[in-house]
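The values are calculated or read from the model by the stated rules, or taken from the named source; none is laboratory data. Just so it is clear, the model here is predicted, and its values are computed rather than measured. For neighbour counting, all protein chains shown are included, and Cβ atoms are generated from backbone atoms with ideal geometry for every residue, glycine included. What goes into the accessible areas is simple: the full protein's heavy atoms, side chains included, and nothing from ligands, DNA or RNA. Shrake-Rupley method; radii C 1.70, N 1.55, O 1.52, S 1.80 Å.
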Protein chains: 2
Amino acid sequence: MSQQRTGHEAGITGRVGAVTPSAVLGSQPDFPDLPEATVARLPEYLRALHHLAETGHDTVSSEGLALAAGVNSAKLRKDLSHLGSYGTRGVGYDIEPLVGQIEYILGLNKRRAVALVGVGNLGHALAGYAGFASRGFRIAALFDADLTRVGELINGIAVRHIGDIPEVVKSEAISIAVLATPAGAAQAVADQLVAAGVTSILNFAPVVLNLPEQVDVRKVDLAVELQILSFHEHRKSARGAEQAKAVARGAELAKAVARGAVNGSPAATLGEVAA
Amino acid sequence: MSQQRTGHEAGITGRVGAVTPSAVLGSQPDFPDLPEATVARLPEYLRALHHLAETGHDTVSSEGLALAAGVNSAKLRKDLSHLGSYGTRGVGYDIEPLVGQIEYILGLNKRRAVALVGVGNLGHALAGYAGFASRGFRIAALFDADLTRVGELINGIAVRHIGDIPEVVKSEAISIAVLATPAGAAQAVADQLVAAGVTSILNFAPVVLNLPEQVDVRKVDLAVELQILSFHEHRKSARGAEQAKAVARGAELAKAVARGAVNGSPAATLGEVAA
DNA sequence: GTATGTGAAATGATTCACAGCG
DNA sequence: CGCTGTGAATCATTTCACATAC
């Protein structure tokens, strides 16, 4: 539980970029095949490294960086080993070149233009979210279907009508879009974005999008996150009740073990009950 | 890529509720041990089932539900099999009892009270997010450190000062909190929430929280999501370039194979280059 | 006949534990 | 001597494929 869950967790598997010509010839040193799980952690390492750099550090041990990023050090070392070697044995990692390498891998050298569709409640907040700007992205366009919102300025950007998507996505060379529309509109808007040339979508609408293979979709569903926590709350209270009942059962179990009526090592069994 | 990524993805492992007395005696039929990966998908199944019910369905096949939830049918069947049997061979699943069972497991029978801390840009939007209310949660309290915001009404709820956390969390019996504070304040606020009795936190601040074992933390970092997409964009363009170069190399490779200078089955190797 | 439920196999991710480098 | 980098072992998850029940 100390190892914090980070948005998308289960279900993904596999190595990024499997069968391509470079698989035949060995992957490029400047663009290694990374396990998807590793990719998902790199941004967290990057954030931690920036923080360390700001607080005056030049190097950091795997132990130290792991602590700052909320993972264990073995995992961190394995992850970083996929990027090539940026550490010095007996010392640790040089922060600056490591930051550079992670930013390069994540494609953050150039600031990426992002379109945001749906400036309702949530979309409006996302349009103003400072974290996007400070961590490599530029909101290059805002869209909404509602004509009464078109023209509104948010953070200095004018909201345009979704009919302008094809034109603007092309002229601004936008490849990433954030979808914050109502659920009912999401699929149609996503189709338009993809038709216009968008190849990655961050979807906040609570629907599963049906899109071509080559489009990357990540989904953030705020209610889902709470429901997962709710499960754990439910479990904690159920276990609490269990535990209480188990205390009573403990005596029974001990007697049963003594009679040899329960399988397994009596010591281990009792140990577990006690724990 | 068709299999959509859902927030938290990698890093978590293990079965929920491992060593407890009930592990010795076998887990309770009404509260099975579920793989964490399964738990993370249940909310998605639930959403899909509600949608199906609203559109007039009584039953659904594993294939149909899997499609609606964005997973494959084998995974869906395995997941549902952990809940006990709610399907009929040759027919499919009865939607109504299945909805009931998933809601029960997720602890959504009773509407859970949630506290939200930090009513800035993002927090304000979250406080108004209709999805929380419609999917099992009630925002029971809003807090902020900024005294000029205290008293402000958002969606009919007054913002209170974070100093009131202990009192309100107790009186409202709140166990889940949403953290939407600036990064710098998050750890201190989280400590206060936990001290007041909160045992699950959904953290939107870009920091790793350090909290006791028994507190569940999920993290949603919006910039991280975009950075993961950015990686895939970077990879796609790198592969594009690779592919172009590989076409040129193709001729070379074919010659090399003909000369017997490359290992492996020539047919397979050429097949991969062609693909 | 048809679609679920599930062992078994395959794949992927994490952790261990230590060789080897600085 | 300390800490990285990494094979080997373990653990979790996904997928396959089919017996089973309706």
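Points worth noting:
- Sites A:Ser81 and A:Ser237 - FRET efficiency at Förster radius 45 Å, r taken between beta-carbons, to 0.05: 0.60
- Area of B:Thr59 that stays accessible when all protein chains are in place (1.4 Å probe, Å², to 10): 60
- Per-residue shielding of A:205-212, expressed as the average number of other chain Cβ atoms within 10 Å of the residue Cβ, stands at 5.
- Kirkwood radius and radius of gyration were both taken over the C-alpha atoms of the stretch B:37-153, and their ratio Rg/Rh is 1.12.
- Across the copies of the chain, B:His50 has label points (7 Å from Cα along Cα→Cβ) spaced 3.4 nm apart, shortest distance listed first.
- The distance between label points at A:Ala185 and A:Asn72 comes to 4.7 nm (points 7 Å beyond Cα on the Cα→Cβ vector).
- Distances in nm from A:Pro212 to the matching label points in the other copies, shortest first (labels 7 Å along Cα to Cβ): 5.4
- The residues of the stretch A:128-142 listed by number as losing at least 30 Å² of accessible area in the complex, against the isolated chain and with a 1.4 Å probe, are A:Tyr129, A:Phe132, A:Arg135, A:Phe137.
- Each other copy places its own label point for B:Arg111 at 4.4 nm from this one, sorted shortest first, where the point lies 7 Å along the Cα-to-beta carbon line.
- Taking the Cα centre of the stretch A:112-220 as origin and assigning +1 to Lys and Arg Cβ atoms and -1 to Asp and Glu Cβ atoms, the resulting dipole is close to 340 debye.
- For the stretch A:153-209, accessible area per residue (1.4 Å probe, heavy atoms of protein chains only), Å²: 38
- Computed on protein heavy atoms with a 1.4 Å probe, the accessible areas place B:Asp164, B:Asp144 in the order B:Asp164, B:Asp144, largest first.
- Among the listed pairs A:Lys110/A:Lys170; A:Lys75/B:Lys170; A:Lys78/B:Lys219; A:Lys219/B:Lys236; A:Lys219/B:Lys170; A:Lys236/B:Lys170, those with a Cα-Cα distance over 27 Å are A:Lys75/B:Lys170; A:Lys219/B:Lys170.
- Global geometry of the stretch A:21-105, whether rounded, prolate or oblate, following the gyration tensor of its Cα atoms and the 1.5 cut on a/c: prolate
- Here the stretch B:89-159 is treated with +1 on each Lys and Arg Cβ and -1 on each Asp and Glu Cβ, and its dipole about the Cα centre works out to around 180 debye.
- With a Förster radius of 60 Å applied to the C-beta separation of A:Thr55 and B:Thr59, the computed FRET efficiency comes to 0.55.
- Tensor-based shape of the stretch B:112-220 (alpha-carbon gyration tensor, a/c under 1.5 rounded, otherwise prolate or oblate): rounded
- Relative contact order (%) - criterion: Cα under 8 Å, at least six apart; region: the stretch B:112-220: 25
- Positive contributions from Lys and Arg (+1) and negative ones from Asp and Glu (-1), summed over other residues with Cβ under 9 Å from the Cβ of B:Phe143, come out at -1.
- Both chains summed, the buried accessible area for B and A stands near 10000 Å², from protein heavy atoms and a 1.4 Å probe.
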